Every structure is written in C-alpha cells, then in structure tokens.
Amino acid sequence: MIRKTILVLATGAAVLLTTACNTVEGAGEDLESASNTVEKEL
C-alpha cells in the first residue's frame with residue numbers, strides 16, 4: 001500500500017514538473033518572438 005502511494009505521488013510530481021517545463025519553454029518562445037518583432041520595428 002505504501003509503495004502504491006509513493007508511486008502515485010511520484011507520478012503526479014513528474015506530470016506537474018513536465019507541464020511546468022513546457023509552460024516555461026512556451027513563455028520563453030513567446031518572449032523571443034516579441035523581442036524579434038520589436039527589433040524589426042526599430
């Protein structure tokens with residue numbers, strides 16, 4: 001029972017970390033795109 005609980009918690013943590021990484025990566029791409037647009041206008 002304890003092993004199953006630990007496995008569920010570890011899986012949940014891994015999913016949250018993976019989602020967070022994708023979100024940060026996407027935000028970085030958005031910022032890069034915005035900065036490129038501003039550079040083109042200048």
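Of note:
- Filter pass, E32 being surrounded by 10 or more Cβ atoms within 10 Å (Cβ to Cβ), assigned to a helix (DSSP H, G or I) and not small (G, A, S): yes
- Filter pass, A14 being surrounded by 10 or more Cβ atoms within 10 Å (Cβ to Cβ), more than 16 Å from the chain's Cα centre (by Cα) and part of a helix (DSSP H, G or I): no
Every read-out reported here was derived from the displayed coordinates using simple, explicitly stated rules and does not represent laboratory data. Values in this document were obtained by computation on a predicted structure and should not be read as measured data. Glycine also receives a Cβ, built like all others from the backbone with ideal geometry; neighbour counts cover every protein chain displayed.
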